[in-house]
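The values are calculated or read from the model by the stated rules, or taken from the named source; none is laboratory data. Since the model is a prediction, treat every value here as computed from it, not as a measurement. Positions of Cβ are backbone-derived with ideal geometry, glycine not excepted, and every protein chain shown enters the neighbour counts.
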Amino acid sequence: MTARLGMIGCGTMAGAYLAGLRELEPRLKITALCDIDPAKLDRASKSAPGAKLFTDYHAMFSECDAVVIALPHDLHRDAARDCMRAGLHVLLEKPMAITERQCLDLIRLQRETGRVLAVGYVLRHDPLWSKMGELITGGSFGEVFHVSIWTEQFTDLSRGAWVGDPRRVGGGQLLSHGCHYIDLMLLWLGRPVSGTHVGTNRGTPWMKMEGTSNVAIRFESGALGYHFGTWGARGTRLGYSVHAHTTEGMLDLDHAQGTITLHRDRSGGDLPALQAALAAGAKVDGPTRTVVYRRPVEGKHTNAEVSEFLDCIETGREPVANPRVSLQSLRVIWRLYDAEHHGVVADLRGLGLDQFTEKPIVGTAGQPDVDGA
């Protein structure tokens, strides 16, 4: 069976998807593209020859079995709702929506329609980040007690004025981009207990909310998680990096190099996992620096994400980034925003990935006041 796939929104993220999707033929065929900007439509059409072009996504429903939605965040709920009601399966770029109520609307509609609804947490499909999670949760190099995630990039209004508007983004840099890393911390470290967020738009004056963000979270295990993200980096050394401190050393994920390196300066004795890694051909840079994993393929890994989406359509199983899981990471962010607004430490209990409830449980101070929310 060949799935007929449509793309709604032909901006930056659509380009990341379209660049490689033809590799998934004959499992899919890109049959329709939609954007209100003719120039974006024209650029996208060069990556999808033969696709029909639309400026109103409602007019493309008969051409598709499934869609990828890559619109500004405030349009996610309505577009996904309309597509599922029309019988289409939906891969929805993150964040799922910009308020808790909108997310719950989509969760209920997904259940009622029986359509697949996947959320675009693409790092769950990147083998480098997946391997890091396996090493952390599997205890290959001891018990983890601290994970730090850095994301340093420059993102200004060249993507559109909506990027700086919290009523369209749903928040600032943390909700728009940091949701990836809150999702991973919950996946890797388990149930959160408490946390803080401090953000600023200093250095990113185009952002009405934070363009730079610092998050600290305590988990039930006693482990700590930290995320620093900025859209104002005019230079960077870390780029996208992760350090996981464990009782046997420090695991260092370098996204740009595609490697995970074990640093062991003070661990004693022989470690079976290290020996196994060495036996498997791991590169030893010195007595305490060992590359334990190297990513086999570079890129955004959107093809792997779409491939899993097709698997779910064909088999009926749930996506790894299903809407309930996706809402939990957003609930953490909204609790952090709310606590920052009130100058207190956020209570994050009840927000683990396994603790979903289908009733509103977060305050409104951290969410935009939007019509229809």
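Figures for the structure shown
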{"read-out": "Check on residue 163, without any contact (Cβ under 8 Å) to a residue 60 or more places away in the chain, within 19 Å of the chain's Cα centre (by Cα), crowded, with 16+ Cβ neighbours inside 10 Å and not in a loop (DSSP other than H, G, I, E, B)", "value": "yes"}
{"read-out": "Whichever residue in segment 309-359 is under 21 Å from the mean Cα position of the chain (by Cα) and basic (Lys, Arg) and, among such residues, is surrounded by the most Cβ atoms within 10 Å (Cβ to Cβ)", "value": "335"}
{"read-out": "Residue 158 being surrounded by fewer than 21 Cβ atoms within 10 Å (Cβ to Cβ) and within 14 Å of residue 232 (Cα to Cα)", "value": "yes"}
{"read-out": "Some residue of segment 286-303 being free of Cβ contacts under 8 Å to residues at least 12 places away in the same chain, exposed (fewer than 14 other Cβ atoms within 10 Å of the Cβ) and in the same structural domain as residue 197 (by TED's automatic domain parsing)", "value": "yes"}
{"read-out": "Residues satisfying the stated conditions in segment 113-159, i.e. touching a Pro at 6+ places or on another chain (Cβ under 7 Å) and small (Gly, Ala, Ser)", "value": "118"}
{"read-out": "Single unsatisfied condition, residue 55 versus (1) touching a residue at least 24 places away in the same chain (Cβ under 8 Å); (2) farther than 14 Å from residue 306 by Cα", "value": "(1)"}
{"read-out": "Conditions (1) over 16 Å from residue 91 (Cβ atoms); (2) in a helix (DSSP H, G or I); (3) not aromatic (Phe, Trp, Tyr): number failed by residue 16", "value": "(1)"}
{"read-out": "Count of residues meeting criterion [of a type in the set (Lys, Arg) and part of a helix (DSSP H, G or I)] in segment 115-133", "value": "2"}
{"read-out": "Candidates 230, 196, 212 - the one that is touching a residue at least 12 places away in the same chain (Cβ under 8 Å), surrounded by fewer than 21 Cβ atoms within 10 Å (Cβ to Cβ) and more than 18 Å from residue 94 (Cβ to Cβ)", "value": "196"}
{"read-out": "Filtered residues of segment 98-145 (kept if within 24 Å of residue 221 (Cα to Cα), touching a strand residue (DSSP E or B) at 6+ places or on another chain (Cβ under 6 Å) and among the basic types (Lys, Arg))", "value": "131"}
{"read-out": "Inter-residue pairs, beta-carbon under 7 Å, first in contact (Cβ under 8 Å) with a residue 12 or more places away in the chain and in segment 138-159, second of a type in the set (Asp, Glu) and crowded, with 19+ Cβ neighbours inside 10 Å, 6+ apart", "value": "141/248; 142/248"}
{"read-out": "Test: residue in segment 318-337 that is farther than 24 Å from residue 219 by Cβ and either basic (Lys, Arg) or out of contact with any Gly (no Cβ under 8 Å at 6 or more places or on another chain) (or both)", "value": "yes"}
{"read-out": "Segment 61-114 - residue that is among the small types (Gly, Ala, Ser) and outside any loop (DSSP other than H, G, I, E, B) and, of those, surrounded by the most Cβ atoms within 10 Å (Cβ to Cβ)", "value": "80"}
{"read-out": "Condition broken by residue 11, with the remaining ones in (1) over 30 Å from residue 166 (Cβ atoms); (2) surrounded by fewer than 22 Cβ atoms within 10 Å (Cβ to Cβ); (3) touching a residue at least 24 places away in the same chain (Cβ under 8 Å) satisfied", "value": "(1)"}
{"read-out": "Filter result for the condition that a residue is more than 26 Å from residue 342 (Cα to Cα), modelled with pLDDT of 95 or more, in the same structural domain as residue 150 (by TED's automatic domain parsing) and not β-branched (Val, Ile, Thr), over 235, 211, 229, 225", "value": "235"}
{"read-out": "Scope segment 336-365; condition within 15 Å of residue 192 (Cβ to Cβ), touching a His at 6+ places or on another chain (Cβ under 8 Å) and among the small types (Gly, Ala, Ser); matching residues", "value": "339, 346"}
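Here's the yes/no breakdown for (1) part of a loop (DSSP other than H, G, I, E, B); (2) farther than 23 Å from residue 139 by Cβ; (3) in contact with an Asp or Glu (Cβ under 8 Å, 6 or more places away or on another chain); (4) among the aromatic types (Phe, Trp, Tyr):
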{"position": "174", "(1), (2), (3), (4)": "no, yes, yes, no"}
{"position": "180", "(1), (2), (3), (4)": "no, yes, no, no"}
{"position": "203", "(1), (2), (3), (4)": "yes, yes, no, no"}
{"position": "210", "(1), (2), (3), (4)": "yes, yes, no, no"}
{"position": "245", "(1), (2), (3), (4)": "no, no, no, no"}
